[in-house]
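Input: a single structure, listed below in structure tokens.
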Amino acid sequence: MRFGIAVFPGTWSERDCAHAVSLDGHEAVMLWHRDADLRGADCVLLPGGFSYGDHLRCGAIARFSPLMDAVAEFAAGGGLVWGICNGFQILCEAHLLPGALLRNASLEFRCEPSWLRVETEASPFTAGCRRGDVLRIPVSHGEGRYVADPETLIRLEEEDRVALRYVRPDGGPVGDASPNGSMRDIAGILDAGRTVLGMMPHPERACEALIGGADGMALIRSVAASLAREGAFSR
């Protein structure tokens, strides 16, 4: 499969993402923020970083780039879009996902392991997992506290659109150990069409045992398998 990886000024995780998808045998192509050509990507990945220096607020300027116009059109047509960390922030700013990411409750930058419970199998990103699986995937952010109005939170839960939730290593409620204080311990959400995922933790940093674990590969393999089932192949 071909993963198109967005690059904005200040993006720093594009090479990590490219390495992660290559470990599963897939092609990575870089998508420059000024371009509107997705270069035949089967899945568009918005990686972590500080797009445009996080001026105004995280993702606020990236949302207006020519590339994001193409990404929005791609998503509207059912294309897979995956935002990680700053990518999640950009997706919320672009209104491809509801809610917002605010300063961590601790007011500290948190770079540490987190444990995520898979809350749904009904998405291309988690179809290879089982509901209740716990993945060890690190966080690295200062503004990762997911917030939304009560109606949005209820809708996300009722529509099974909470993809990942922060938990303890044993899968129980995370409580005060949450890395950022997200409402309902939400770590990742889906759009209404279930083809856009935003998540704060970094699966590309959990792709090899050498660097502490490979749980992030479960999500990459899920995407590739879902694309294969749909008959999508890179050009």
**Study point:** Packing-based exposure ordering (other Cβ within 10 Å, fewest first) of 42, 69, 170, 16
**Key:** 170, 69, 16, 42
Check your understanding: Calculated from DSSP H runs of 4 or more alone, at -39500 (n - 2.57) each and per residue, what is the 222 nm mean residue ellipticity of the chain, nearest 500?
Key -> -6500 deg cm²/dmol
Practice item. Just subtract the alpha-carbon distance of residue 23 and residue 95 from 0.36 nm times their residue separation and send over the number in nm, one decimal. Key: 22.8 nm
**Study point:** Residues 137, 61, sorted so that the one with the fewest Cβ neighbours within 10 Å comes first
**Key:** 61, 137
Practice item. Find the relative contact order for the chain and round it to a whole percent, using C-alpha pairs within less than 8 Å whose residues are 6+ positions apart. Key: 21
Review point. Between residue 15 and residue 225, 0.36 nm times their residue separation minus their Cα-Cα distance comes to what?
Key: 73.4 nm
Review point. What Rg and what Dmax come out for the chain when only alpha-carbon atoms are used, in angstroms?
Key: 15.9, 47
Practice item. Could you compute the FRET efficiency for residue 211 and residue 131, with r as their C-beta to C-beta distance and R0 at 25 Å, rounded to 0.05? Key: 0.40
Review point. Residue separation times 0.36 nm, minus the C-alpha to C-alpha distance between residue 184 and residue 158: what's the value?
Key: 8.0 nm
Practice item. Compare the Cα positions of 7, 61, 106 along the charge dipole of segment 2-229 (+1 at Cβ of Lys, Arg; -1 at Cβ of Asp, Glu; about the Cα centre) and return the one farthest towards the positive end. Key: 106
Point to revise | Environment charge at residue 121 (Cβ cut-off 15 Å; Lys +1, Arg +1, Asp -1, Glu -1) | key: +4
**Study point:** Within-15-Å neighbourhood charge of residue 64 [Cβ basis; K, R +1; D, E -1]
**Key:** -2
Exercise for review: Quick one: dipole size for segment 2-229, taken about the Cα centre, charges +1 on Lys/Arg Cβ and -1 on Asp/Glu Cβ, in debye to the nearest 20.
Suggested key: 160
Review point. Percent relative contact order of segment 1-103, based on C-alpha pairs within less than 8 angstrom and at least six residues apart?
Key: 28
**Study point:** Rounded, prolate or oblate (a/c below 1.5 giving rounded, otherwise prolate when a/b exceeds b/c) for segment 98-235 by Cα gyration tensor
**Key:** oblate
**Study point:** FRET E, pair residue 57, residue 121, Förster distance 35 Å, beta-carbon r, rounded to 0.05
**Key:** 0.55
Review point. Under a Cβ-Cβ cut-off of 14 Å, what is the net charge of the residues other than residue 19 that fall near it, where Lys and Arg count +1 and Asp and Glu count -1?
Key: -4
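Values quoted throughout were computed directly from the atomic coordinates according to the rules given, and no laboratory measurement underlies them. From a predicted model like this one, the values you see are computed outputs, not experimental measurements. Virtual Cβ from ideal backbone geometry, glycine too; neighbours counted across all protein chains shown.
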